[in-house]
Amino acid sequence: MTVITRAISDWTIEASGRHVPAIARQAGALPATVPGAVHTDLLTAGLIADPYLDENEKLQSWIGLTDWTYRGTFDWAPDGEALQRLVFGGIDTIARIRVNGHDLGNTRNMHRTHRFDVTAVLNEGPNEIEVAIASPVREADAASFSLGYRPHTNHHPYNAIRKMACSFGWDWGLDTSTSALWKPVVLESWSGPRLDEVRVGGDVVAGVPTLRVHAAVSAGNDAGGLQVRVRVGDLVDQAIPIVSGVASADIAVPDADLWWPRGYGAAALHDAEITLMADAQVIDTRSHRVGFRSVELRTEPDEHGIGFAIVVNGAVIHVRGANWIPDDAFLHRVDRARYARRLDQAEFAGINLIRVWGGGIYESDDLFAECDERGILTWQDFLLACAAYAENEPLWSEFDAEAREAITRLGAHPSLVVLNGNNENIWGRQDWNWDKRLDGRTWGAGYYYDLFPGLVGELAPHVGYTPGSPFSPEPASWQNEPSTGTVHVWDLWNQRDWPEYRDYRPRFVAEFGWQGPPTWTTLTRAVSDDPLTPESPGMLVHQKAAKGNDKLTDGLTAHFPLPNDMADWHWAMSLNQAIAVRTAIEWWRSLPECTGTIVWQLNDCWPVTSWAAVDGDERPKPLLYALRQAHADRLLTVQPDGDGLVAVLVNDTDEEWVGTLWLERRTFDGDDLGHIEIGLAVPRRSTARVEVPLAIASPHNAAAECVIARVGTTRAVWFFTEYRDSELRPADYEVSARRDGADHVITLTAHTLLRDVTVLADRLAPDAVTDRALDTLFPGETIDIRITGGHAIELDGLCSRGHIRSANDLVVPRRGSEA
């Protein structure tokens, strides 16, 4: 028996119901792409402008207030398959399904697959599917009343329906409130037995690689003579008996190589095949790429509090992570190639864990498969974020169904090490004044402490579980306590300033970040304001954070003067974002008790001022280069320590770090004011701290001196004053350029101290990218900066100064004007 799968690809979309605006009424039925979304179909038809540009988002709110009907047609003829099932991979969101005028049912959850038996309703010849999707805005409002109000962030009650929370807008995302068939629609046809649900997971049990297998068999009246065979490459070929329609076993694979995270060993994968057999004949088959690893989420008390560590194969993994949001507001536009590009950037930045945030989706297998192959750990939130959630029907059953499906699908991926109950909801109840507004109603605790851990234990016991992020192991304790479990650090961005990251000694930081604009090319493509200013109309539409521009300014002026030129403003805010996050990560990595950081955020879903390291047009911001520096496998950093300084060496490799530590106080002109050499050996996966002698740590002229720490070619520089208070001179350097194959190379030699010198490659060509940025050079030092892309760039253009920026450019002009 072979399951025949036919994609349904001939679709239209049409506005329907009582609230149809004139533009949609006049357009009538439009060609629709499935997978797709209403917005992108309207865009293709020329009925709306690109919602990513200028103020267009504000003009398109009617789309989320409108009902939409998809109609699909297909021809069908009987071909020996007795059973027919219509499968919707993803319906966004509240919909009624009809085939040939027959009601099949209603859907209320975009995070589930929906299957309908259509055996009795198909016609030989033409058939029509109708998917009537109700306005998500109106449905969310109605559900909020019917369930009873629960507190939430942002302006729509996204917590009342099972729709992606950020599709209603977020503090970095536009409000599309779209409707969609966002995954494929297919007709499955078959006869006789078949594999139904199949779960697999690679584990290590008592030191032995073990494949956990659970296969449900739909046999009908043909159960006799069936068996399930499991093959793992050439290592295992074993039959599993079917008992009451299920074949379940833990199969030892003793010769399998273990799967290791990036930087800890090879990410070994094996081909696993689960086959339904009848009398030695193959009936149905499922294939998976599996990896064998053990996972423990370790929460142990010690002298610092209660730690949190991700332990894989017995090794504590020092996490250098990034939070992940949907990579496009219109989910169907993200394919595996795009995931691969984003993860290339993650690897460039030294990232070894991706946390999929709970206001988005259960991410595609493409993302997890890429992470499996690269050894990048993954952490998937259950999809509840920044809100209280009702525990009564119909939500409870929807959560149960979507969680079962997600755990079964994602649990096959060896990269998945954490399933997390929610984002900020337990902490939110404690700190965001929810209890008064809840007035005794349920808020989600039943999901986090009962439903989800029970399902993970049943369906994926090889994956770790946490009830929330942030979290403390004791539910009654404050859930955002830095010394216990995981913490989100947002008071710096919202109320304070980035040097105060050093006030925190956390055990594990699951969220923190600093805003910055997208790259210049992305910004000017998306916003055509004239004049373009931080407060021009399009810029404000592309700044979603509450008082975001005020926070950008408040976080800048202690460090740099506030520019009055847009190009300088853009560079200042981009640089400040990079410095802020680099400061935080280097400090936290210098603390032996801190086992990881997960920066908010790696990516963006559209062009916007946000916390991302990669903007909505896929271009790297200076922050990505700051992450690369702060995430170095061997990090050398100078940090304050009481009234003095300490050099910290972080060796996150499996080899001992042996060398000579050079500590020097130097003037900005390069004069040596005193130095010392110290031989050292830093063991593998450990940290060493060396006190900087007072003679080196005490400046004569703080504004014109710095401390340098160096081991071989690894260097760290400590400046005694803020950028704006230092005696930086105008940037003076020599620059030349050459071609090197398909690339360009800029050679830059400093004549004065240059702080954080960066080539803004996108200003040379939209597709140009550099291999380094944010370099500090002393007089006489030279670096090569390689540029990929931008093949049409002329060499003379590479030597122009407009795209080469440094902190000097922001400090010296203002100081000169005030002199």
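Every number here is computed from the coordinates shown, using simple stated rules; none is lab data. As the structure is a prediction and not an experimental result, all values here were calculated from the model. Here the Cβ is made from the backbone with ideal geometry for all residues, glycine too, and neighbour counts use every protein chain on show.
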Taking Cα pairs closer than 8 Å and at least 6 residues apart, the relative contact order of the chain in percent is 9
Among [x] 50; [y] 63; [z] 57, which is the computed percent of Cα pairs over 36 Å apart?
-> [x]
When a/c is below 1.5 the answer is rounded, else prolate if a/b is larger than b/c, else oblate, so apply that to the range 572-618 with a ≥ b ≥ c taken from the square roots of the Cα gyration tensor eigenvalues.
-> oblate
Residue separation between Arg115 and Val3 times 0.36 nm, minus their alpha-carbon distance, gives in nm 38.8 nm
Between Arg18 and Lys436, take the C-beta separation as r, use R0 = 22 Å, and let me know the FRET efficiency to the nearest 0.05.
-> 0.05
Selected from Ser610, Gly321, Cys166, residue furthest toward positive end of dipole (the chain; charges at beta carbon) = Cys166
Sum of side-chain charges, Tyr449 neighbourhood, beta-carbon under 14 Å (Lys, Arg +1; Asp, Glu -1) = -2
Taking +1 at the Cβ of each Lys and Arg and -1 at the Cβ of each Asp and Glu, which of Ala401, Gly375, Phe348 sits farthest along the dipole of the range 318-438 towards its positive end, judged by Cα position relative to the Cα centre?
-> Phe348
Can you pick out the pairs among Lys183/Lys436; Lys163/Lys544; Lys551/Lys621 whose Cα atoms lie more than 30 Å from each other?
-> Lys183/Lys436
For the range 171-224, what's the relative contact order in percent, using C-alpha pairs closer than 8 Å and at least 6 residues apart?
-> 33
So, by mean Cβ neighbours within 10 angstrom, what's the order for 687-698, 84-95, 267-278 with the highest one leading?
-> 84-95, 267-278, 687-698
Place a +1 charge on the Cβ of each Lys and Arg in the chain and a -1 charge on the Cβ of each Asp and Glu, then give the dipole magnitude about the Cα centre in debye, rounded to the nearest 20.
-> 580
Could you state the orientation-averaged shadow area of the convex hull built on the Cα atoms of the range 692-819, in nm² to one decimal?
-> 9.2
Nearest 10 degrees, 0 to 90: helix 365-374 Cα axis against the chain principal axis | 50
Packing-wise, with mean Cβ within 10 Å as the measure, how do 775-785, 620-630, 343-353 rank, highest first?
-> 620-630, 343-353, 775-785
Report, in debye and to the nearest 20, how large the dipole of the range 653-715 comes out about its Cα centre when Lys and Arg carry +1 and Asp and Glu carry -1 on their Cβ.
-> 220
By how many degrees, between 0 and 90 and to the nearest 10, does the Cα long axis of helix 395-410 differ from the longest principal axis of the chain?
-> 70
For peptides 660-671, 470-481, sequence by mean Cβ density within 10 Å, most packed first = 470-481, 660-671
Asn564 and Glu273 label points (each 7 Å along its Cα→Cβ direction) are spaced in nm at 7.3
What is the Cα radius of gyration of the range 196-353 over 2.2 N^0.38 Å, N being its residue count?
-> 1.31
Electrostatic dipole magnitude of the range 693-740 [Cβ: Lys, Arg +1; Asp, Glu -1; Cα centre; debye, to 20] = 260
When the charge dipole of the range 708-749 is computed with +1 on Lys and Arg Cβ and -1 on Asp and Glu Cβ about the Cα centre, the Cα farthest towards its positive end, among Tyr733, Tyr723, His744, belongs to His744
Local net charge near Glu794, Cβ-Cβ under 13 Å (Lys/Arg +1, Asp/Glu -1) | +1
Classify the range 605-659 as rounded, prolate or oblate, taking a ≥ b ≥ c as the square roots of the eigenvalues of its Cα gyration tensor: rounded when a/c is under 1.5, otherwise prolate if a/b is larger than b/c and oblate if not.
-> oblate
Kindly identify the range 123-261 as rounded, prolate or oblate by the Cα gyration tensor criterion: order the square roots of the eigenvalues as a ≥ b ≥ c, call it rounded if a/c is under 1.5, otherwise compare a/b with b/c, prolate if a/b is larger, else oblate.
-> oblate
To the nearest 10 degrees, how steeply does helix 336-348 sit against the main Cα axis of the chain, on a 0 to 90 scale?
-> 30
Calculate, in nm to one decimal, what Thr33 and Ala142 gain on full extension: separation in residues at 0.36 nm each, minus their alpha carbon distance.
-> 36.3 nm
